Amino acid sequence: MRLSYLVRFLTHMLYLTFFLGTVSCVSVSRQNMPEEGTAEIDLLEKKCTLCHGLPHPKRHTQEEWGYLLTLMKKRMDEKNISYTTEEMVQIKSYLQRNAR
Ligand code: HEC
């Protein structure tokens, strides 16, 4: 009796933590993107949120972005996600222009 009450309480806490975590992740990742409203951000949101949150340009230096975008291209190829050279050029240009 006592135990089942405790289990139910812990389950609720788990859901609550998950919910709050999700909400805060979404709002944090969507804060202060430079050049808000441009086509490049739309493309970044479309292509780069399929596996993780929206990456902020200030996360990395120009050099790191160069390396990371090649790696991400590989990750997308592995999953058969379409990602053209032209899209990569646009995303790369935006991220490097606004890099750390
Ligand atoms: C197919 C899934 C997938 C897509 C789509 C994808 N990524 Fe990733 N990304 C990953 C994985 C997996 C990692 C973890 C590192 C690794 O194993 O390569 C990662 C890691 C990263 C990191 C490094 C960690 C960090 O938080 O700084 C950045 C930055 C990043 N991705 C940016 C991007 C950008 C920009 C795009 C869009 C061009 C993109 N990702 C699209 C799967 C993906």
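The values are calculated or read from the model by the stated rules, or taken from the named source; none is laboratory data. Because the structure is predicted, anything quoted here is derived from the model rather than measured. Note that we place each Cβ from the backbone using ideal geometry, even for glycine, and neighbour counts take in every protein chain shown.
Residues in the stretch 45-100 that are touching a Pro at 6+ places or on another chain (Cβ under 7 Å), near the ligand (Cβ under 8 Å from one of its atoms) and assigned to a loop (DSSP other than H, G, I, E, B): C48 only. From the set of residues in the stretch 1-44 that are part of a loop (DSSP other than H, G, I, E, B) and modelled with pLDDT under 80, which is nearest to I81 (Cα to Cα)? If we take residues in the stretch 1-44 being part of a loop (DSSP other than H, G, I, E, B) and modelled with pLDDT under 80, then R30 is nearest to I81 (Cα to Cα).
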